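Please treat every number below as a calculation from the coordinates, not as lab data. Predicted model only: the values in this text are computed from it and were never measured. Counting neighbours? That spans all protein chains shown, and the Cβs are built from the backbone with ideal geometry, glycine included.
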Amino acid sequence: MLFGYTAEFKLHELWLKHPDITEALKDDDHDRRKKGDRRITYKGHSFTIEAKSLQTNSIKEIAGRWQGKTQVDASDRRKVILPNGNEVNTTLLRVGEFDVLAVNVFSFKNEWNFVFAKNQDLPRSNWVGYTPEQQQYLLASLVSVTWPPEPPFVDNLYALLDELIAECSK
């Protein structure tokens, strides 16, 4: 848990002090209605960033390429209303519940690096306990991460935010 808070601090120090970020706030961790560890304003647009860490038991290096997994879910089970009106009791996060996933990959090389992905590009749950329709609205609980990053991950938060702004303008 302490490492997670350190990672959030490092995310703030390394990425959220950019001149185009005019606001960077931390919402209450106990507010179940708001997911996201940081709420920022970048170039006048509001975004939420969910910060996660690697599961250390998943880390391996194969042919100079680091691989691992991050757990992308809520810490508690709660009722979630899906866009189709269905209600599920789950620990999974919803598609669209935050804008950007930031994964610290410190455990790969003992260096403070992050990879970033748009929420909409993350894999969906394939758990058989959910219907196919429900699965399309729920993010997978375990997501593979590499260093150097592979899609849907990138190593530049600002380029990703610029993409999100461009997508909103269409």
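In percent, what relative contact order does region 110-151 have, based on Cα pairs under 8 Å that are 6 or more apart in sequence?
Reported as a whole number, the value is 37 percent.
Sequence gap at least 6, Cα distance under 8 Å: using those rules, report the relative contact order of the chain to the nearest whole percent.
19 percent
Report, in deg cm²/dmol and to the nearest 500, the calculated mean residue ellipticity at 222 nm for the chain, where each DSSP H run with n ≥ 4 adds -39500 (n - 2.57) and the sum is divided by the residue count.
That calculation yields -5500 deg cm²/dmol at 222 nm.
For region 10-25, in order, what is each residue's ³J(HN,Hα) by Karplus, 6.51 cos²θ - 1.76 cosθ + 1.60 with θ = phi - 60°, in whole Hz (x at glycine and Pro)?
5, 4, 4, 5, 7, 10, 9, 10, 6, x, 7, 9, 9, 8, 9, 10
For region 131-142, what does the Karplus curve 6.51 cos²θ - 1.76 cosθ + 1.60, with θ = phi - 60°, yield as ³J(HN,Hα) per residue in whole Hz, taken in order and with x for Gly and Pro?
Karplus-based 3J(HN,Hα) across region 131-142 equals 6, x, 5, 5, 4, 5, 9, 10, 6, 4, 7, 10 Hz.
Scan around Leu93 for amide H atoms under 5 Å from its own, H built in the peptide plane at 1.01 Å from N, and keep only partners 5 or more places away or cross-chain.
Correct list: Ala74, Leu139.
Under 5 Å between amide hydrogens, which residues at least 5 positions from Phe153 or on another chain qualify, with H placed 1.01 Å from N in the peptide plane?
Amide H neighbours of Phe153, under 5 Å, 5+ apart: none.
Looking at region 2-169, how many pairs of lysines come closer than 19 Å at the Cα, when each pair is eight or more places apart or spans two chains?
24
Short version: ³J(HN,Hα) in whole Hz for each residue of region 154-163, in order, from phi by Karplus 6.51 cos²θ - 1.76 cosθ + 1.60 (θ = phi - 60°), x for Gly and Pro, what are they?
Couplings: 9, 9, 10, 4, 5, 4, 5, 5, 4, 4 Hz.
For a quick check: sort Trp127, Trp66, Trp147 by the number of other beta carbons within 10 angstrom, fewest at the front.
Trp127, Trp66, Trp147
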